[in-house]
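Structure first, commentary second.
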Amino acid sequence: MVVLGGSGTLWGPMIGGILYTWADQRLGDLAGSGTVAALPSVLRIPLSQPLFLLGALFVAVIYLLPGGVARLPARLRSKAPGAR
């Protein structure tokens with residue numbers, strides 16, 4: 001959970017816990033949906049496993065958002081055209 005939120009801030013673990021709970025519920029709904037059931041078996045089997053999707057989400061956050069989601073606003077401000 002801390003991976004999602006980021007360990008360097010006070011709110012990181014709380015944001016990570018909220019995101020994990022939300023993603024766990026939504027990915028479970030997605031795995032049982034008719035949309036996933038209609039896919040070819042090569043895609044349907046991994047996408048029907050919510051833990052596989054959560055693992056892929058964790059890996060994507062680690063590589064794409066170093067510092068977690070809690071540090072995202074600061075990173076966006078630093079990349080703004082008028083920022084120093």
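The values are calculated or read from the model by the stated rules, or taken from the named source; none is laboratory data. Computed from a predicted model, the values in this text were never measured in an experiment. Using ideal geometry, Cβ is built from the backbone for each residue, glycine included, and neighbour counts are taken over all protein chains shown.
Given the criterion modelled with pLDDT of 75 or more and outside any helix (DSSP H, G or I), identify the matching residue among LEU39, LEU53.
On the way: LEU53 fails: outside any helix (DSSP H, G or I).
Result of the check over LEU39, LEU53: LEU39.
Can you tell me which residue is nearest to PRO13 (Cα to Cα) among those in segment 34-70 that are out of contact with any helix residue (DSSP H, G or I) (no Cβ under 8 Å at 6 or more places or on another chain) and surrounded by 12 or more Cβ atoms within 10 Å (Cβ to Cβ)?
My answer is ALA56.
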